1. Just one of the numbered conditions (1) open to solvent by 90 Å² or more (accessible area, probe 1.4 Å); (2) within 27 Å of residue 126 (Cα to Cα) is not true of residue 45; which one?
2. Among the residues of segment 412-444, which ones are open to solvent by less than 60 Å² (accessible area, probe 1.4 Å) and either in contact with a Ser or Thr (Cβ under 8 Å, 6 or more places away or on another chain) or part of a loop (DSSP other than H, G, I, E, B) (or both)?
3. Go through segment 101-142 and count every residue that is out of contact with any strand residue (DSSP E or B) (no Cβ under 7 Å at 6 or more places or on another chain), open to solvent by less than 70 Å² (accessible area, probe 1.4 Å), polar (S, T, N, Q) and at pLDDT 80 or above.
4. Could you please find all residues in segment 10-36 being surrounded by 10 or more Cβ atoms within 10 Å (Cβ to Cβ) and among the small types (Gly, Ala, Ser)?
5. State whether the residues of segment 144-154 include one that is under 29 Å from residue 178 (Cβ atoms) and modelled with pLDDT of 65 or more.
6. Report, by residue number, each residue of segment 38-55 that is modelled with pLDDT under 75 and either β-branched (Val, Ile, Thr) or farther than 30 Å from residue 155 by Cβ (or both).
7. So the check is Cβ under 7 Å with 6+ separation or different chains; which pairs have a first residue in segment 153-164 that's farther than 15 Å from residue 48 by Cβ and assigned to a helix (DSSP H, G or I) and a second one that's open to solvent by less than 80 Å² (accessible area, probe 1.4 Å) and of a type in the set (Ser, Thr, Tyr)?
Amino acid sequence: MKELWTTVASLMGVWAFSQTLLLAVFPPQLRFALIKLFQRLFNCCSSYCYYDITEIEGVNTNELYNAVQLYLSSSASSSCSATSSNRLSLTRGLNSSAITFGLSHNDRLTDVFNGVSVVWEHIVTPRQSQTFSWRPLPEEKRGFTLRMNKRDKSYILESYLDFINEKANEIRRKNQDRLLYTNSRGGSLDSRGQPWESVPFKHPSTFETLAMDPMKKAEIMSDLRDFADGQAFYTRTGRAWKRGYLLYGPPGTGKSSMIAAMANFLRYDIYDLELTEVQTNLELRKLLMKTSSKSIIVIEDIDCSINLTNRKETTTTTTGGCDRKSSTFVDGDIETSGTNNSITLSGLLNFTDGLWSCCGSERIFVFTTNHIEKLDPALLRSGRMDMHVFMSHCSFPSLKILLKNYLGCTPDDVETAILQRLEEVTDAAEMTPADISEVLIKNRRDNKKALRELLEALRVRAEKNRSGLQRLGADVEEMAEEEEKRALESPKEGGDAAADGGCVEEEGGKELEDNIIMGLI
């Protein structure tokens with residue numbers, strides 16, 4: 001045993017002497033050159049090529065590393081695959097509702113793309129002690145190594161990486177909860193220098209639960225699907241990849257629920273733009289530039305946000321003797337300007353359809369209003385508001401959807417007589433889905449009571465509407481009789497003059513009658 005330790009000590013001494021001699025004979029520069037030469041010889045003899053993708057490049061995070069990590073998680077999650085690893089790491093990111101799989105440290109996975117087999121290896125090594133840095137780096141150095149055959153490099157490398165990025169974006173949208181953004185008060189910036197504040201978007205509305213005519217819903221869903229899949233079409237036609245929707249109708253008809261259903265259907269984020277907090281057109285443009293792709297930009301109650309008078313009218317609002325706002329024509333569109341800094345209609349039009357609206361892709365603009373007649377025609381034309389969706393009072397098909405949502409009953413579960421009576425009075429009642437939903441919510445524990453009270457509420461509203469129309473007809477008839485009596489009692493001055501005056505008066509009476517009818521309606 002003693003001889004063994006003596007031999008080991010002798011060998012260690014010889015090794016130490018040899019190492020010292022090598023360091024003295026071969027300087028570091030020469031050793032580095034020899035290592036590089038050996039690597040080149042190995043690469044020439046090897047049939048594979050290698051690509052390293054590190055987590056941190058300099059001081060910035062490598063986005064390709066995150067994309068590869070997400071992509072490999074989808075491949076690694078299929079445990080039945082013969083090429084997948086036996087050891088996987090599980091993670092759940094911020095604002096994510098799903099658990100993702102990933103390669104463990106120093107493990108590898110085989111992937112196949114277009115019939116070509118490649119190998120991914122996750123390399124994790126301890127990081128050397130770092131000097132002072134404004135941004136502390138992780139203790140471990142992580143990265144992926146891609147190995148593929150040299151003959152396949154030119155065939156799949158670029159397309160494979162593009163495929164990985166697309167797949168990663170798809171997984172990210174699927175796993176990550178959607179966000180609801182609003183612009184900061186007074187245009188202030190948050191700690192990250194962003195003008196938008198966000199909260200998780202948890203609205204449960206879908207097209208399945210939306211109380212709307214099924215045919216109209218199918219048309220909107222088809223249009224949204226064509227838009228989301230239409231990148232090649234928009235590129236080929238030279239159009240910006242965006243689309244505008246105008247939702248209009250009485251209050252309580254489901255305009256906000258429609259927006260939520262669109263976001264859930266497309267898995268887009270929502271940017272709720274509050275125009276009253278925007279001071280200038282420049283600030284509005286900056287807000288647009290800070291929105292992300294695959295998003296819905298919403299401006300609710302657009303008729304109440306800024307002065308959007310008809311372009312054929314020139315209005316001046318005077319406050320305290322000061323001319324604050326006037327209207328002028330600019331390239332066929334109306335522009336509202338004033339002494340104070342404020343957004344203008346021209347700025348809003350450029351926001352939705354100008355050059356700056358193309359700074360991004362796959363975005364939808366949604367405007368809502370209760371009074372479409374108040375909006376300027378320049379805002380309503382195609383290219384700005386491509387699709388006008390009228391959110392009407394609750395129809396009988398919409399009522400059946402509400403019954404299924406709140407009571408869990410289908411038309412087959414309702415008595416035929418009650419169903420017929422509901423169909424008879426629904427259109428005449430002109431109740432909004434919000435009003436009907438309130439009746440059903442209060443009685444959702446008793447379906448029979450809910451149907452009785454709903455039928456009674458619809459019947460009362462329908463009779464009220466009919467009586468209102470009857471009173472309107474009586475008032476119009478009485479006014480016409482008074483006008484006719486006044487015309488007969490008035491003195492006739494000159495035959496032709498009297499005849500002309502009578503015609504003018506009759507036309508004036510007819511115009512007054514039409515105005516009264518429209519006002520009461």
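The values are calculated or read from the model by the stated rules, or taken from the named source; none is laboratory data. Predicted model, so just to flag it, every value in this text is computed and none were measured. Note that each Cβ is placed from the backbone with ideal geometry, even for glycine, and that neighbours are counted across all protein chains shown. Quick note on the areas: whole protein, heavy atoms, side chains included, nothing else; ligands and nucleic acids left out. Shrake-Rupley method; radii C 1.70, N 1.55, O 1.52, S 1.80 Å.
1. Every condition holds for residue 45 apart from (2).
2. Passing the criteria: 414, 426, 431, 432, 433, 434, 443.
3. Total meeting the criteria: 0.
4. 10, 13, 16, 18, 33
5. Among the residues of segment 144-154, at least one is under 29 Å from residue 178 (Cβ atoms) and modelled with pLDDT of 65 or more, which makes the answer yes.
6. Matches in segment 38-55: none.
7. Partner pairs satisfying both residue conditions: 164/71.
One line per residue, one yes/no per condition, for (1) touching a strand residue (DSSP E or B) at 6+ places or on another chain (Cβ under 7 Å); (2) buried (at least 21 other Cβ atoms within 10 Å of the Cβ); (3) not hydroxyl-bearing (Ser, Thr, Tyr):
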position	(1), (2), (3)
203	no, no, yes
232	no, no, yes
237	no, no, no
244	yes, yes, yes
248	yes, yes, no
253	no, yes, no
258	yes, yes, yes
266	no, no, yes
